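The structure appears below as structure tokens.
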Amino acid sequence: MTRFAAMILSFALLLYGVLGASTATAQQTVGSVSALREALSAPASNAVILLEPGDYGVLQLRGLRGGVTLRSADPSDMARFSGLLIEDVESLTLDRLAFYYRFSPDDIKEQQSFRVANSRDITISGSVFTGDMARSSNAADNGYPSGTGLIIRWSQNVTVVDSAIRQFLTGLAVMESDQVAIKSNDFSGMRRDAMNFAQVTDVLIERNNIHDFNRSPTSGDHPDMIQFWTTATHSPSQNITIRNNVFNSGNGLYTQTIFMRNEKVDQGQAGAELYYRNIEITDNLILNAHLHGITVGEVDGLTIARNTLLQNPLSADGPLTDELWVPRINVTSRAKNVSIINNVVSDIRGFDGQRDWQVDGNVVVQPRSSMAPGYYPTVFDFAPDADRADLRSYRIRPGGPADNSRVGSGILRNLNVE
């Protein structure tokens with residue numbers, strides 16, 4: 001029996017929601033596993049359960065109904081859980097809770113300790129998910145983040161807001177789910193991906209801060225800050241909005257930033273029926289060091305507008321003059337109904353006069369040649385000792401090519417006036 005399975009047997013709170021009359025009060029405070037189990041055995045409608053500081057083991061919720069809220073009584077000393085399983089649950093809020101993973105030698109790299117499945121109307125707010133480092137004889141794994149942060153599958157109307165996910169192999173994975181909102185969260189210290197998505201509909205990714213990966217350079221990983229994929233999927237991801245996010249490689253090694261390859265289509269295993277549909281990528285600020293700044297595969301209906309893509313020289317893995325280390329916009333030429341407008345970026349690839357494409361108003365900036373247009377020092381005012389991983393270093397030069405409120409991300413302009 002694995003350690004995780006044993007913990008579930010020892011600590012899991014086995015809940016079977018009961019509709020109708022209940023002996024639980026509308027709000028109560030608990031301070032032990034047994035008291036929490038009792039409070040959740042038959043909760044009142046819209047019950048609020050406050051948890052005193054302490055470690056409550058694995059939180060396992062099945063069949064729960066009625067609008068229950070679990071909240072730390074003291075937000076400065078959150079109630080802690082070593083695992084999470086939400087299954088067949090409706091209307092649940094987890095607020096200001098701490099979820100932590102601890103590595104065990106029998107764990108796989110993709111260990112799944114925190115899952116939401118077959119559920120709807122779930123909100124996770126103000127919470128923290130913290131991973132752990134692998135301890136392994138494999139040098140590519142040893143000392144690097146391990147385990148998966150939060151997995152959402154076969155679920156509807158799930159919101160993760162104002163939370164932190166840090167120090168995992170992969171921070172967040174969402175599959176076969178609808179109406180998912182990932183808003184105002186902080187992702188840091190990931191080894192492979194911050195977020196990845198497959199076969200999802202009506203997804204909002206907004207105002208998140210994704211930064212400072214802890215990569216394993218010898219592992220062969222292909223890290224992405226956001227990745228969408230179609231391998232083994234049966235219907236396209238559609239109605240996706242990615243806006244007002246900050247992507248900053250910081251002091252970490254480069255990653256791909258927004259990467260939406262459509263594997264099944266580009267490998268000839270599917271056609272137009274699996275094109276992504278209705279994708280909006282707007283007002284994002286990208287500071288990274290890989291050519292895949294915004295990359296989108298086969299899609300029908302794509303808007304890429306008012307994004308700023310800049311090179312972070314601290315994250316490059318080769319000569320800064322090599323275009324491999326400069327983020328750009330890449331869209332497959334087979335994409336349909338594409339609009340790429342008012343971005344600040346080094347280059348745009350994929351447009352070849354397609355009649356259903358609009359490419360207009362983009363400002364070209366580049367860090368490679370002082371003799372070419374858009375050279376960074378003509379666009380930004382850098383202090384002599386500027387930290388090039390600090391977004392505040394990229395102060396827009398008055399009168400320069402990016403000094404226009406209609407182009408690029410408003411995030412950078414707002415930083416300039418703080």
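Assorted remarks:
- Cleavage-rule hits, chymotrypsin sites (Phe, Trp or Tyr not before Pro), the range 293-365, DSSP coil, Cβ neighbours within 10 Å at most 15: Phe351
- Residue-normalised accessible area of the range 305-415, expressed per residue, 1.4 Å probe, Å²: 49 Å²
- Helix-derived mean residue ellipticity, 222 nm - over the chain, DSSP H n ≥ 4, -39500 (n - 2.57), to 500: -2000 deg cm²/dmol
- For the chain: rounded, prolate or oblate by the Cα gyration tensor [a/c cutoff 1.5]: prolate
- Within the chain: Cβ-based charge dipole about Cα centre, in debye rounded to nearest 20 (Lys, Arg +1; Asp, Glu -1): 100 debye
- When the surface is traced with a 1.4 Å probe over the full set of protein chains, Ser34 keeps roughly 70 Å² accessible.
- FRET E, pair Ala26, Ser76, Förster distance 30 Å, beta-carbon r, rounded to 0.05: 0.75
- For the range 306-418, with all protein chains in place and a probe radius of 1.4 Å, 48% of the accessible heavy-atom surface sits on carbon or sulfur.
- Working note: Karplus 6.51/-1.76/1.60 with θ = phi - 60° gives the range 27-35 the couplings 9, 8, 10, 10, x, 8, 4, 5, 5 Hz, where Gly and Pro are set to x.
- Average accessible surface for the range 167-241: 30 Å² per residue, computed with a 1.4 Å probe over protein heavy atoms with every protein chain in place.
- Distant-in-sequence amide contacts of Phe99, defined by a placed amide H-H separation under 5 Å and a gap of 5 or more residues or a different chain, comprise Phe81, Val128, Phe129, Thr130.
- Of the accessible area of the range 198-262, computed with a 1.4 Å probe over protein heavy atoms only, carbon and sulfur atoms account for 46 percent.
- Estimated FRET transfer efficiency when R0 is 41 angstrom, pair Asp162-Ser370 (beta carbons, to 0.05): 0.45
- For the range 114-123, backbone phi angles converted through the Karplus equation (6.51, -1.76, 1.60; θ = phi - 60°) give residue-by-residue couplings of 9, 9, 10, 9, 6, 10, 8, 6, 10, 10 Hz, Gly and Pro being listed as x.
- Within the accessible surface of the range 142-183, defined with a 1.4 Å probe on protein heavy atoms only, the carbon and sulfur portion equals 35 percent.
- Added length on full extension, which subtracts the Cα-Cα distance from 0.36 nm per residue, Asn337 to Arg65: 93.6 nm
- Distances between placed amide hydrogens fall under 5 Å for Thr123 paired with Leu92, Thr93, Leu94, Thr159, all partners being 5 or more residues away or on another chain.
- Qualifying lysines (Cα of each under 24 Å from Cα of Lys264; at least 8 residues distant if same chain): Lys336
- Surface accessible to a 1.4 Å probe, per residue, for the residues of the range 21-165, Å²: 38 Å²
- Amide hydrogen neighbours beyond the local backbone of Leu172, cut-off 5 Å, H modeled: Gly149, Leu150, Met195, Asn196
- For the set Arg355, Arg115, solvent exposure ranked by accessible area (probe 1.4 Å, protein chains only) runs largest to smallest as Arg355, Arg115.
The values are calculated or read from the model by the stated rules, or taken from the named source; none is laboratory data. Keep in mind the model is a prediction, meaning the values are calculated, not measured. Cβ atoms come from the backbone with ideal geometry, glycine included; neighbour counts cover every protein chain shown. Calculation scope for accessible area: heavy atoms of the full protein, side chains included, ligands and nucleic acids excluded. Shrake-Rupley method; radii C 1.70, N 1.55, O 1.52, S 1.80 Å.
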